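Taken together, the values in this text are just the output of simple stated rules run on the coordinates, not laboratory data. Model, not experiment: these values are computed from the prediction. When we count neighbours, we look across all protein chains shown, and the Cβ atoms used for this are built from the backbone with ideal geometry, even at glycine.
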Amino acid sequence: MPRKTGGPPKGRTDEEQWQPPGREEPLQRSLDIALELELDDEEEDPEFIYGDIVHDTEADEPIALVVVNVPGLETDEWEFEDGDTLADKTPKYPDDDEVIIVTPLDVLEKHITRWSDREAAIPLDELLEEEIPFAPFPSLQLIRVEDSHIRD
């Protein structure tokens, strides 16, 4: 039979408000903790960041590629000089997949010998100015094989 008085049943302490250390607001144990856990799941590390070593899943003989930039664009927003988008050129991947910019490890080491000392992505303008070859990929076409030096 449902309770009409509100509050937890007698003797139940797991439904009382709880003040975790360092929080200003108390939590209702069951609902608020579940919602907080759900929010924590959304705050996962990004799949790709500057310095990650990746492979192209479609390459016959994968080579080490370095993530040099994650521009925050979807594949249908990345446009090539011929007018096609990355989504047009990679139709088997979703149009809203994230664009990841990579360059072969050996090429990057020739252009920026201390690339692994950097703590931030290489801006696209800098890649163009320094004439560093790069390529955009849908994130789902890449697999991380080694974590970046800046991951925790």
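The figures follow:
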quantity: Approximate spin-label separation residue 148-residue 118, in nm, with each point projected 7 Å along Cα-to-Cβ; calculated: 1.0
quantity: Segments 99-111, 49-61, 120-132 sorted - mean Cβ within 10 Å per residue, highest first; calculated: 99-111, 49-61, 120-132
quantity: Note, ³J(HN,Hα) from phi for region 115-129, Karplus 6.51, -1.76, 1.60, rounded to Hz, x at Gly and Pro; calculated: 4, 6, 7, 5, 10, 9, 4, 8, x, 4, 4, 5, 4, 5, 4
quantity: Region 84-152: proportion of alpha-carbon pairs further apart than 14 angstrom, %; calculated: 66
quantity: Net charge, residue 69 excluded, C-beta distance under 12 Å - Lys, Arg +1, Asp, Glu -1; calculated: -3
quantity: Zone residues, region 78-109, relative to residue 126, backbone N less than 19 Å from point 7 Å out along Cα-to-Cβ; calculated: 100-109
quantity: Farthest positive-ward along region 53-146 dipole, Cα basis, beta-carbon charges - from 137, 104, 94; calculated: 104
